[in-house]
Every structure is written in structure tokens, then in C-alpha cells.
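The values are calculated or read from the model by the stated rules, or taken from the named source; none is laboratory data. Because the structure is predicted, anything quoted here is derived from the model rather than measured. All Cβ positions, glycine included, derive from the backbone under ideal geometry; neighbour counts span all protein chains shown. Please note that ligands, DNA and RNA were not included when accessible areas were found on the heavy atoms of the full protein model with its side chains. Shrake-Rupley method; radii C 1.70, N 1.55, O 1.52, S 1.80 Å.
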Amino acid sequence: AGVGGYFDAAPLALLPDGNGGFYRKIENFPRGMHYYHWFVDGVKLFHPKAGFSYGCFETINTFEVPERGAEFYYLKEVPHGTVHLAKYASGVNGHLKECYVYTPYGSQKDPSRRYPVLYLQHGVGENETGWIWQGKLNYIMDNLIAEHKCREMIVVMSCDYAFIEGEEAVFFPGDFDRELMEDLIPYVETHFPVKRGRNYRALAGLSLGSALAARSVCRHRDKFSALGMFSGVSLYDAERICTDEAEKPDVVFFSRGSREEEISRGIEDICKKMRESETLCVKKVYEGYHEWHVWRKSLRDFVPLLFCGAETVEETASACCMERRLDEKQLSVQSMEEQMLFFDPVHRQI
């Protein structure tokens with residue numbers, strides 16, 4: 001059974017093949033990446049030998065159906081960037097957090113060169129692994145850069161869940177904005193060769209991540225030059241960006257799946273207001289539901305719009321942030337009692 005969208009959640013019975021196994025042939029199955037579950041005698045299982053990712057707040061099986069002509073996220077024979085797994089301490093909850101950081105090919109050969117940076121957020125039920133495992137971001141960026149379709153840039157993918165102790169888990173969990181501004185950005189600017197300043201910083205996300213991105217861009221107009229909302233939800237902050245008198249982003253990008261009718265409401269009006277305020281507003285619709293095939297295409301079309309303006313002077317480097325120290329109790333809990341990669345959502349049981 002799927003989880004909705006093109007692969008329905010109703011269980012699909014397999015048939016005995018006469019040799020002790022089971023099968024089911026489906027003609028013309030829709031393209032894209034699909035989450036799905038296995039059931040044996042009505043019991044939901046995880047198939048350890050099938051493809052898997054972390055989604056829907058659990059380790060879940062996945063498979064891909066290729067779309068003819070859509071090879072932009074394939075592994076190709078081009079120069080490849082590096083995906084770093086970095087750790088930083090959250091001042092919001094004292095947890096040791098992880099982020100994936102993509103750096104373009106050649107960045108380690110010339111330590112004096114610096115790059116603009118895109119902060120990119122995941123959706124509900126996923127975490128910092130999503131844009132690599134499901135989104136194929138590193139392949140998309142490698143291919144776009146090799147084809148000279150976008151600027152070389154660093155991309156930071158962190159976990160949206162910045163839980164505050166004692167709070168009830170809700171759609172906006174904890175205080176991501178504070179963690180982004182006070183912990184993640186200072187960490188990245190201290191440990192990676194990024195250019196500092198509004199003109200070299202962009203923020204985007206899908207679903208929940210789009211709402212968090214819009215909120216932070218709305219609050220910190222002097223820190224981000226572009227906003228990307230893939231399957232954008234909670235459009236209140238996006239509307240504030242175009243209606244109040246504060247500085248406007250250079251680029252605002254909206255995208256959605258063609259079957260996401262609810263998400264389309266309000267976007268047309270916001271785009272009209274943004275164009276009236278001379279903000280570059282780009283709107284894209286891709287065939288599909290609330291799914292990764294839509295978000296991969298969103299990323300492909302968003303990053304070529306970034307950091308295209310004239311070069312400006314970087315912000316003066318701020319003093320290196322003091323490395324936060326975690327207390328022994330929290331280190332012990334994360335080491336011994338919780339699965340490190342996924343501990344936040346699982347720990348909160350949402």
C-alpha cells in the first residue's frame with residue numbers, strides 16, 4: 001500500500017506465483033518516487049532488502065518510477081560536489097543537531113574561494129536527510145553546475161524540529177527561526193567557505209519547510225535575498241512580505257503539484273501584489289501531488305534564479321561564535337537512548 005497521491009493507501013493484494021513467492025503486475029504506474037508499506041497477514045512491516053528512506057516519521061520503503069526525459073536528478077559523469085554531515089548544538093533545546101552541507105566540486109582545492117549559500121528545509125515527517133536521500137539534491141546541483149545553469153553555491157539542509165522542552169508538538173515545532181539565526185547560520189559561516197551578507201544568502205523549503213522559510217525571511221529582510229516556497233503552506237508571512245513597507249526579497253518562487261488545489265488558493269493574489277511591488281515572483285506548477293517529484297523540479301527551477309545580481313561587498317565577518325557545550329545528561333540520552341539521526345520526531349512521538 002502507498003501513502004496517498006498516485007499510490008493509494010488502500011492495500012493491494014499480491015498473488016501466489018506458484019513457487020512460494022507472491023507478485024502483482026501493474027501497468028503504467030505513475031512516475032516519481034513513492035513511499036509504500038508491506039503487509040503480511042495484515043501486519044505492517046518494513047522490508048529491509050527494498051529501497052528505503054526516512055519519511056512519515058519512520059523508516060519507510062521507497063521505489064522510483066523514471067519519467068521519460070527527466071534525467072536532471074540522475075547520477076551522471078560530471079564533477080561531483082561533496083556532502084558533509086556536520087553537527088552543531090542548538091541553543092533552543094540543548095540538543096546536538098545534524099545538518100547536511102553540499103559544497104561544489106573544487107571547493108576544497110581552493111580554500112580562499114567563498115560561495116553564496118542556500119538554506120533548504122524539509123517537510124513534515126521528514127528530516128535533514130530528505131533532500132539528499134529522496135530529493136537527490138547533490139546530483140541536481142552537480143548537473144546544473146556542470147551545465148552552467150546556476151552559480152556554484154553551498155546548500156545547507158537542517159532539521160526543522162527545534163523543539164522546546166515541555167511544549168506540545170504542533171505544526172510549527174519549537175523555535176526554528178531562533179535556531180537558524182543564532183546557531184545554524186553562525187556555525188556554517190564559521191566552518192564553511194560561505195560569503196556573508198544578504199546578497200549571498202537564500203532560504204527555501206517544501207511544505208512545513210516553506211512556512212518556516214517564509215516566516216524567517218519575513219522577520220529578517222536584511223538577511224536573505226531570496227525565498228523559495230515549494231508546495232507552499234501558511235501563506236500569511238509570504239503575503240506580509242509584499243504588503244508591508246520593509247525591504248523585499250530579490251526573488252520569490254512559488255511551486256506546487258497540479259493536484260494540490262488547496263495550495264493554489266491565494267498564491268495568484270500574492271504573486272500579483274509582489275509584481276506590483278517590483279519583486280521578481282516566479283510561479284511553477286508541475287504534474288503531481290504533494291510529492292518529491294514536484295519538489296525536485298522545484299529545486300531545479302529555483303536555484304538558477306539565485307545570486308544573479310551584481311557582486312557587492314561582503315559583510316564584515318562577525319566574531320566566531322562560541323561553540324555551545326552540551327551537558328552530560330543530554331549527551332548520554334542522545335548516545336544511549338535515542339536513535340541519533342531521527343531522535344527529535346521519534347522522541348516526541350508525532
For this session: Out of ASN138, ASN127, report the one residue that is closer than 25 Å to GLY232 by Cβ and modelled with pLDDT under 95.
Result: ASN127
Exercise. Inside region 97-119, can you point out the residues that are touching a helix residue (DSSP H, G or I) at 6+ places or on another chain (Cβ under 6 Å) and either farther than 12 Å from MET153 by Cα or free of Cβ contacts under 8 Å to residues at least 24 places away in the same chain (or both)?
Worked result: TYR100
Exercise. If you take the residues of region 193-216 that are assigned to a loop (DSSP other than H, G, I, E, B) and either in contact with a Leu (Cβ under 6 Å, 6 or more places away or on another chain) or open to solvent by 10 Å² or more (accessible area, probe 1.4 Å) (or both), which of them is nearest to PHE172 (Cα to Cα)?
Worked result: SER207
Exercise. Given SER53, SER90, which one is within 18 Å of VAL294 (Cβ to Cβ) and in contact (Cβ under 8 Å) with a residue 12 or more places away in the chain?
Worked result: SER53
For this session: Inspect region 9-24 for any residue being over 30 Å from VAL303 (Cα atoms) and touching a Gly at 6+ places or on another chain (Cβ under 8 Å) and give the result as yes or no.
Result: yes
Exercise. Is there any pair linking a residue in region 120-148 that is without any contact (Cβ under 8 Å) to a residue 24 or more places away in the chain to one that is surrounded by 20 or more Cβ atoms within 10 Å (Cβ to Cβ), with Cβ under 7 Å and at least six apart or on different chains, and which?
Worked result: none
Problem set entry | Residues (surrounded by 15 or more Cβ atoms within 10 Å (Cβ to Cβ) and not hydroxyl-bearing (Ser, Thr, Tyr)) located in region 34-55 | HIS34, HIS37, PHE52, GLY55
Exercise. When you scan region 236-279, how many residues do you find that are open to solvent by 90 Å² or more (accessible area, probe 1.4 Å), modelled with pLDDT of 85 or more and either touching a Leu at 6+ places or on another chain (Cβ under 9 Å) or polar (S, T, N, Q) (or both)?
Worked result: 0
For this session: Could you please let me know if PHE29 is more than 24 Å from the chain's Cα centre (by Cα) and either open to solvent by less than 70 Å² (accessible area, probe 1.4 Å) or closer than 30 Å to ASN143 by Cβ (or both)?
Result: yes
Exercise. Could we say that TYR187 is hydroxyl-bearing (Ser, Thr, Tyr), under 23 Å from ALA86 (Cα atoms) and open to solvent by less than 10 Å² (accessible area, probe 1.4 Å) here?
Worked result: no
Seminar exercise, completed: A careful count of residues in region 309-339 that are modelled with pLDDT of 75 or more and surrounded by 13 or more Cβ atoms within 10 Å (Cβ to Cβ) gives 4
For this session: Scan region 34-57 and give yes if some residue there is in contact with a helix residue (DSSP H, G or I) (Cβ under 9 Å, 6 or more places away or on another chain), closer than 30 Å to THR190 by Cα and among the hydrophobic types (A, V, I, L, M, F, W, C), otherwise no.
Result: no
